[in-house]
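The values are calculated or read from the model by the stated rules, or taken from the named source; none is laboratory data. The shown structure was predicted, so the numbers you read here are calculated from the model rather than taken from an experiment. Neighbour counts run over all protein chains shown; Cβ positions are idealised from the backbone, glycine included. Quick note on the areas: whole protein, heavy atoms, side chains included, nothing else; ligands and nucleic acids left out. Shrake-Rupley method; radii C 1.70, N 1.55, O 1.52, S 1.80 Å.
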Amino acid sequence: KGTKNIDAYVKILEADVHKEIMNRASQAQAKRLTEEAITLDPEYARAYSSLAGVIGNEVLLGVHEENRPEALERATALAEKAVQLDDSSSDAHSVLGYMALLNRDYDKAIAETERAVALTPNSVAAQYRLGYCLYSAGRTEEAIPILKKAVALSPIPPARALSHLCIASRKARRYEETVAVCRQLIQREPNHVLAHLTLGATYVETEKMEDARAEIAEVLRIDPKYTVKVVPRSFPWKDQAEIDRLIDSLRKAGLK
């Protein structure tokens, strides 16, 4: 349904740019813009789904460690309001799926993101969120072609599409692909925390320890508060063994 308020629309476009860069400062900028958009048009569904997505990103980055349940509850309510305002919105359903994933409801996460893809098959965000939910639920090999499609749909693929592809590739032990995609992402977004984390873990697993330590140094440059305690929040995976493998690699690279 969109909005008739051009200022609200422009603020959401600006917020989209900041949301792609996974660090605390960029998410704070995105949050401010989406909240301003909601003030300008309280019936703008995409503004609510955008704000929900930002809060979800902050949860992944450990911003809400002290109030995580409350943050997720608020984000889920915002995503549900977006769906209520516009049930035909692919973005609203895919963000609602994202919230379900962060709440570890994998079946609902996949169902909502599949609906988003059905509503708008050429939506890059709908495709990468479906891939995200699939690999988080343990269906990694199924997720990778979907994530590659998300990357291929845009001549300039969003950073989030690239980050999910590099994370899934490492999870599947496709290390050459992981390094190539992570480097592509970092070249574009040098301050992308999850890209540096993934690359650091990959270098440990391919016995390139000096490179691994350099990547963790980059993580701490961007976010000095990031620790291994945040990792289970950053990677909401169903398989605890995969979380343990990642944490073990990051500790070997120097993350405490």
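Brief remarks follow.
- Residue check for Ile247: out of contact with any Lys or Arg (no Cβ under 9 Å at 6 or more places or on another chain), of a type outside the set (Gly, Ala, Ser), at pLDDT 95 or above and open to solvent by less than 20 Å² (accessible area, probe 1.4 Å): no
- Within segment 101-131, being open to solvent by less than 10 Å² (accessible area, probe 1.4 Å), under 14 Å from Pro236 (Cα atoms) and under 13 Å from the mean Cα position of the chain (by Cα) holds for Leu101, Leu102, Gly131.
- Residue, nearest to Arg24 (Cα to Cα), within segment 52-95, restricted to residues that are in contact with a helix residue (DSSP H, G or I) (Cβ under 7 Å, 6 or more places away or on another chain) and of a type in the set (S, T, N, Q): Asn57
- Scanning segment 138-159 for residues that are open to solvent by 20 Å² or more (accessible area, probe 1.4 Å) and under 20 Å from Arg173 (Cα atoms) yields a count of 9.
- Among the candidates Leu33, Leu72, Leu51, residue that is open to solvent by less than 20 Å² (accessible area, probe 1.4 Å) and touching a Gly at 6+ places or on another chain (Cβ under 9 Å): Leu72
- Among the numbered conditions (1) assigned to a loop (DSSP other than H, G, I, E, B); (2) crowded, with 24+ Cβ neighbours inside 10 Å, the only one that Pro190 does not meet is (2).
Here's the yes/no breakdown for (1) at pLDDT below 95; (2) within 19 Å of Ala92 (Cβ to Cβ):
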position: Ala150; (1), (2): no, yes
position: Ser154; (1), (2): yes, no
position: Pro158; (1), (2): yes, yes
position: Arg173; (1), (2): no, no
position: Ala180; (1), (2): no, no
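- Subset of segment 1-24 (residues that are open to solvent by less than 70 Å² (accessible area, probe 1.4 Å) and among the aliphatic types (A, V, I, L, M)): Ala8, Val10, Ile12, Ala15, Ile21, Met22
- Checked against the criteria, Ile216 counts as open to solvent by less than 40 Å² (accessible area, probe 1.4 Å), at pLDDT 95 or above and over 23 Å from Ile144 (Cβ atoms).
- Residue ID - farthest from Ala137 (Cα to Cα), chosen from residues in segment 160-204 that are in contact (Cβ under 8 Å) with a residue 40 or more places away in the chain and of a type in the set (Lys, Arg): Arg160
- Verdict on Arg173 being part of a loop (DSSP other than H, G, I, E, B) and open to solvent by 10 Å² or more (accessible area, probe 1.4 Å): yes
- Yes/no for Val204 being open to solvent by 10 Å² or more (accessible area, probe 1.4 Å), touching a Cys at 6+ places or on another chain (Cβ under 8 Å) and hydrophobic (A, V, I, L, M, F, W, C): no
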